[in-house]
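Reading through the structure tokens given below for one structure.
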Amino acid sequence: MASTAMYRLAPILDSSAFAVSLPTCMYRLPPIQSSSVPSSLQQAAGASGAELAQLERRQEAILSQLAQLRCRVEEAVRQRSARSAPGQGVGSLVATDACLPLDHRAELVVVASADRPPCSLLLLRLLAPTVTLTAHVHSTCPAVPPHLLDAFRWRGAAGGAHIRLIWKPEVGEPRLLVSPAGQGCPLVGEEQLFRYLARALLPGQYEAAGAERAALIDLHLERADRLMNGSGAEKKAVLGTLDGLLGRQPFLLGGQLALIDGVLLSALRCSKVPPAPTSVAAWRDRVSIAAGLAAAVGAGAAGGAGAAGGAGTPPARGDGGGHLDQAQLMALLSELDIRAETVTHPAVFTVEAMMPHLAAVRGAVTKNLFLRDRRRRLFLLTARHDAQFRLADVARQLDGAKELRFGDESELAARLGVRQGCVTPLAVANDTERAVTLLVDSKLLDGSVEMLWCHPLTNEASTGLSPTEFRRFAAATGHEPTLISV
């Protein structure tokens, strides 16, 4: 039986008996413009429109006042910077861009504890030679170790910036007083100290060097923070990452020492971290020597950097095991009828620091790397100072060499009788057992350069030899050069 509906029900309400008014909006608002609304609503809309216009006028007035105030502040800043005089302090320094131009007559004040010395300050001696650093011990501070008192004190060029370091107990992290004579909060932590000094004293080595370099520096700052404040697993992971990086290059940013190396050195020295891997330990010793802290390097550098002096003192001459010193090397060159030229200069630890002293010499200035491979075979690589290459590409040119890395500081001293910062091909004269293979950039010996310049076992001088004389010296010491392309 067909059906159109299962149930039939009589309607409960008759919709025709009343009308239901349904709302057309959630909230009823008076219309702003409408010709069909009552006059009372039009009057309300007019009142609302007047209030809105008054609010807009008030907003415009406030924005205008803020713009005028900003112009007045900027003008006051320019006038105060122009009137700044000696001794006004950092409060007179105003940064208007990312480079933080620093008035070279001003004085920066850093407060630090001897338990956490800011190692990045020490690298300014090499990276910003015009800076002067003086240190003072607060009356409440116990005795500061002599090696710190000696390291954190030098005089830069006349007219340069002046940093005053105050040793004070229980300070915690180093603090930079941006306005020591006035108000303002100090910049706390060596990471913040680095950012200020890099922008103020080394403009072009941080943000101005490009986004990629700035991002890499910021990444290293984060690693320094994890070494100081991270968990044991985080510290171990950071050390592993750094070991891989420093196995391929001598410093954090490549072949040149940078201020960021000092920040990581501080973190490594002042935090409780696991024993440093080989490449990290070698990097630590290199930077410690450059910073003038070699006397404080731990037992991991025994026979290595530990006997070296500050950045202005001559490096130690080997381990006392019969290695030649500079005078004996010069006597040997004379015996071989090699007429070498020598230029003396202040102690330098990087090619970048050495180049201004050798700007007038004839020929090619060299950079030299002490290397080892996975089988612990030793190599001494001499190349043009501006040559760019990867150690992996060098390894492919050597028979059986794999995973070239930087050699240990202790082995460098034992085999060649020099320290980091003094590596030179002339040191093969000390390798009487011929355990080190001499690798030489082929362009240095193809007749295209007049002379080769390198250290004579000390980084306070540079010695030049002709390519022919260099070959004669290498042959006399039993180290025939292996030529490589870089």
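Got a sec? Which residues in the stretch 115-140 would a label at LEU149 touch, if it sits 7 Å along Cα→Cβ and we count backbone N under 12 Å? What the label zone holds, given the 12 Å backbone N cut-off, is 135-138. The modelled label-to-label distance for the pair ASP386/CYS141, using points 7 Å beyond Cα in the direction of Cβ, is 4.3 nm.
A Förster radius of 30 Å combined with the Cβ-Cβ distance from GLN68 to CYS185 puts the calculated FRET efficiency at roughly 0.60.
Heavy-atom accessible area for LYS443, with the other protein chains in place and a 1.4 Å probe, reaches approximately 100 Å².
Once both labels are positioned 7 Å from their Cα atoms along Cα-to-Cβ, the gap between SER485 and ARG472 label points is 3.1 nm.
In this simple spin-label approximation, GLN328 and GLU403 carry label points 7 Å from Cα along the Cα→Cβ vector, and these lie 3.6 nm apart. Which lysines does LYS168 reach when only Cα atoms under 23 Å apart count, and residues fewer than 8 places away in its own chain are ignored? Result set, ordered by chain and number: LYS272.
One chain, two ends: ALA53 and THR134. Fully extended at 0.36 nm per residue, the span grows by 22.9 nm beyond their Cα-Cα distance. Rolling a 1.4 Å probe over the protein chains gives SER410 an accessible area of about 50 Å². Assuming a ≥ b ≥ c are the square roots of the Cα gyration tensor eigenvalues, decide whether the stretch 336-477 counts as rounded (a/c under 1.5), prolate (otherwise, with a/b larger than b/c) or oblate. Rounded is the answer for the stretch 336-477, as its axis ratio a/c remains below 1.5.
Of the whole protein surface, THR482 contributes about 50 Å² of accessible area at a 1.4 Å probe radius. Legend: calculated FRET efficiency, LEU245 to ALA360, from the Cβ-Cβ distance at R0 = 30 Å, rounded to 0.05, equals 0.25. Sorting 423-430, 267-274 by their mean Cβ neighbour count within 10 Å, with the most densely packed peptide first, gives 423-430, 267-274.
The values are calculated or read from the model by the stated rules, or taken from the named source; none is laboratory data. As the structure is a prediction and not an experimental result, all values here were calculated from the model. Neighbour counts run over all protein chains shown; Cβ positions are idealised from the backbone, glycine included. Only protein heavy atoms, including side chains, enter the accessible area calculation; ligands, DNA and RNA are left aside. Shrake-Rupley method; radii C 1.70, N 1.55, O 1.52, S 1.80 Å.
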